[in-house]
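S.K.: First, the structure itself, so that you have it in front of you.
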Amino acid sequence: MSHEIRTPINAILGFTQLMQQEPGLTQDQQQSLLAIRRSGEHLLAVINEILEMSKLEATKIELYQDEFALPEFLQEVCFLFVAQMKEKGLRFSWSGSGEIPSRIRTDKQKLSQIMINLLGNALKFTAGGAVEVAYAVKKLPGDSGTMQLVWEVRDEGPGIDAGDMEVIFSPFTQVDAGRKSGGTGLGLAISREYARLMGGDITVISQVGTGSTFRLEIPVQSAVGDVGEDRPGNGNKES
Ligand code: ADP
């Protein structure tokens, strides 16, 4: 099913890109091709989210256990947003505290998708001020191998009404600012499903007019032989 939908869209996108490289295009033609390409890319993103949601609903999503370097991974995710935050005039910083293990085991792709979604929303909905990421890894009592990764994205955006704080995690739901944003309302639903599938959760604290804090908490396995290092302020960066 996903193949049948993605293949024709990729063909439209591919041929549009080829046509954009044709010499002698008028300005009108260039603008039309750009509009086709942007709409096609948006459509592909929406379809990918809808397909992901239907797979989650059909419980056909599998978890993978990747082993990777945690401090580098957290940096890379934040680095993805530096340029866009700067372009929008937002102060963007991130910092870690406590004992950050050097290597962990969890589903890397799903973890990065959740983090990118939370950061993408902070970027999209915040018009001015700061976006901050704070992360920590906590040891769980009685289990030496499992740790709790806590990742918070705090923004100074429009905030979310108390009555909407659960609603936004439902598929296709957008409130206030979200309705004008052109998104699908699926990002948070997918992110929460992923987090729960991984044994964790996403919660939000917010005040209208002040901003929002989205908190991801997820158990991760410290990779065997890892002793961890105390790195307060690990990866601290400001742009
Ligand atoms: P989308 O971003 O595609 O609209 P999401 O599921 O990611 O979908 O978010 C659902 C809704 O939650 C958004 O449309 C918006 O109304 C609200 N929302 C999410 N993140 C924030 C945020 N950081 N600040 C204010 N509102 C938010």
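S.K.: Look at Lys110 and say whether it is away from the ligand (no atom under 15 Å from the Cβ), within 28 Å of Ile61 (Cα to Cα) and assigned to a strand (DSSP E or B).
M.R.: no
S.K.: OK, next. Counting only residues that are part of a strand (DSSP E or B) and of a type in the set (A, V, I, L, M), how many does segment 121-136 have?
M.R.: Residues in segment 121-136 being part of a strand (DSSP E or B) and of a type in the set (A, V, I, L, M): 5 in total.
S.K.: For Lys180, work out the one condition from (1) over 28 Å from Lys55 (Cα atoms); (2) within 11 Å of the ligand (Cβ to nearest atom); (3) surrounded by fewer than 17 Cβ atoms within 10 Å (Cβ to Cβ) it doesn't fulfil.
M.R.: Of everything listed in (1) over 28 Å from Lys55 (Cα atoms); (2) within 11 Å of the ligand (Cβ to nearest atom); (3) surrounded by fewer than 17 Cβ atoms within 10 Å (Cβ to Cβ), Lys180 misses just condition (1).
S.K.: Just to be sure before I move on: is Leu118 closer than 24 Å to Pro219 by Cβ and not in a strand (DSSP E or B) in the structure I sent?
M.R.: Judged against the criteria, Leu118 is a match.
S.K.: I need the full set of residues from segment 18-45 which are loosely packed, with under 14 Cβ neighbours inside 10 Å and among the hydrophobic types (A, V, I, L, M, F, W, C), in order please.
M.R.: Answer for segment 18-45, where residues must be loosely packed, with under 14 Cβ neighbours inside 10 Å and among the hydrophobic types (A, V, I, L, M, F, W, C): Leu18, Leu34, Ala35, Ala45.
S.K.: Only one of Leu43, Leu90, Leu118, Leu56 is within 16 Å of the ligand (Cβ to nearest atom), under 18 Å from the mean Cα position of the chain (by Cα) and farther than 19 Å from Gly199 by Cβ. Can you tell me which?
M.R.: Going through Leu43, Leu90, Leu118, Leu56 in turn, the sole match is Leu90.
S.K.: Can you tell me which residue is farthest from the ligand (Cβ to nearest atom) among those in segment 160-173 that are under 16 Å from Gln207 (Cβ atoms) and surrounded by 15 or more Cβ atoms within 10 Å (Cβ to Cβ)?
M.R.: In this case the residue turns out to be Met165.
S.K.: Here's a follow-up. Name the pairs: first residue in segment 137-159 and buried (at least 19 other Cβ atoms within 10 Å of the Cβ) and part of a strand (DSSP E or B), second residue small (Gly, Ala, Ser) and modelled with pLDDT of 95 or more, Cβ to Cβ under 6 Å, at least 6 apart or on different chains?
M.R.: Pairs that qualify, where the first residue is buried (at least 19 other Cβ atoms within 10 Å of the Cβ) and part of a strand (DSSP E or B) and the partner is small (Gly, Ala, Ser) and modelled with pLDDT of 95 or more, are Val153/Ala122; Asp155/Ala122; Asp155/Gly211; Asp155/Ser212.
S.K.: If you go through segment 121-128 one residue at a time, do you hit one that is within 12 Å of the ligand (Cβ to nearest atom), surrounded by fewer than 16 Cβ atoms within 10 Å (Cβ to Cβ) and of a type in the set (Phe, Trp, Tyr)?
M.R.: Within segment 121-128 (the criterion being within 12 Å of the ligand (Cβ to nearest atom), surrounded by fewer than 16 Cβ atoms within 10 Å (Cβ to Cβ) and of a type in the set (Phe, Trp, Tyr)), the answer is no, since none of the residues qualifies.
S.K.: Same structure, new question: Report yes if Val175 is over 15 Å from the mean Cα position of the chain (by Cα), under 30 Å from Thr59 (Cα atoms) and without any contact (Cβ under 8 Å) to a residue 60 or more places away in the chain, otherwise no.
M.R.: Spelling it out, Val175 is indeed over 15 Å from the mean Cα position of the chain (by Cα), under 30 Å from Thr59 (Cα atoms) and without any contact (Cβ under 8 Å) to a residue 60 or more places away in the chain.
S.K.: Please note which strands (runs of 3 or more DSSP E) are completely contained in segment 170-239 and include at least 3 residues that are out of contact with any helix residue (DSSP H, G or I) (no Cβ under 7 Å at 6 or more places or on another chain), under 21 Å from Ser95 (Cβ atoms) and modelled with pLDDT of 90 or more.
M.R.: In segment 170-239, 201-207, 211-222 are the strands (runs of 3 or more DSSP E) which contain 3 or more residues that are out of contact with any helix residue (DSSP H, G or I) (no Cβ under 7 Å at 6 or more places or on another chain), under 21 Å from Ser95 (Cβ atoms) and modelled with pLDDT of 90 or more.
S.K.: Can you tell me which of (1) more than 30 Å from Lys139 (Cα to Cα); (2) more than 7 Å from the ligand (Cβ to nearest atom); (3) under 14 Å from the mean Cα position of the chain (by Cα) is the one Arg192 doesn't meet?
M.R.: (1)
The values are calculated or read from the model by the stated rules, or taken from the named source; none is laboratory data. As the structure is a prediction and not an experimental result, all values here were calculated from the model. For neighbour counting, all protein chains shown are included, and Cβ atoms are generated from backbone atoms with ideal geometry for every residue, glycine included.
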